[in-house]
Each structure stands twice: as structure tokens, then as C-alpha cells.
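Some notes on the structure that comes next.
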Amino acid sequence: MKNQTTPSAMRDTTTKAMQRVVAYRQKIRRRAYEIYEQHGAGHEFEDWLQAEAEVRKEAELTEEEICLLLDAEIKGYEEATEADEAETVTA
């Protein structure tokens, strides 16, 4: 007999994955802020990259969670790019 996953079970799995992705991103934000407080202003990008690297080492994300994270980052990039383009057009 085939193992069939119900829509409800799929939703639960996706919800749990999204919660873990949100928690992962919150850890990065907190760590980046801690690093920022140590360095002060002017190194925000480097602070963020360092925080990502540190948090990534301790995180054990599933394939689904990685896909959700990447999808969110790509959409965030697209939204930022669209905002930049709109700002250029109005300037």
C-alpha cells in the first residue's frame, strides 16, 4: 500500500517549516544586531554576512525549509529591485 500524505498533513509540515525559517531569520537578525553593537555603524553588510554564516553553521534546515528560505529571499530581492526601479523613474 502506498504512503499517501493528506492535504492536512502537508499543510502542517509546511507550517512547521515556515515557522523554522522565520525563527532562523530572527536568529540572523539578532546576531547581526549583536555584531553591529560591537562594531558600530558602517559595517552593516559585513555584520549581516557574518551573522548568516554563524547561524547557518548551527542550523539544520530540511530541504523544504531551504527552498522556502530561498524563495523568500528571491522575492525580497525582486521587491527591492522593483522599488529601486520605481524610485529611479520618479526621480
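None of the figures in this text is laboratory data; all of them are computed from the coordinates on show. All figures in this text were calculated on a predicted structure; none of them were measured in a lab. Neighbour counts are summed over all protein chains in view; Cβ atoms, including those assigned to glycine, are modelled from backbone coordinates with ideal geometry.
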| note | Whole-Hz Karplus couplings 3J(HN,Hα) for segment 31-38, θ = phi - 60° and coefficients 6.51, -1.76, 1.60, Gly and Pro as x, run 5, 4, 5, 4, 5, 4, 4, 6
| request: Evaluate E = 1/(1 + (r/R0)^6) for D12 and K57, where r is the Cβ-Cβ distance and R0 equals 25 Å; express this FRET efficiency to the nearest 0.05. | output: 0.35
| message | If I take R0 = 25 Å and measure r between the Cβ atoms of F45 and R25 in this structure, what FRET efficiency does the formula 1/(1 + (r/R0)^6) give, to the nearest 0.05? | response | 0.95
| remark: Proxy exposure order for V22, V55 (fewest C-beta within 10 Å first) is V22, V55
| message | Out of the GluC sites (Glu not before Pro) in segment 36-71, which ones are loop residues according to DSSP with at most 13 other C-beta atoms within 10 Å? | response | E60
| Sorting T62, T15 on the 10 Å Cβ count, fewest up front, what's the list? | T15, T62
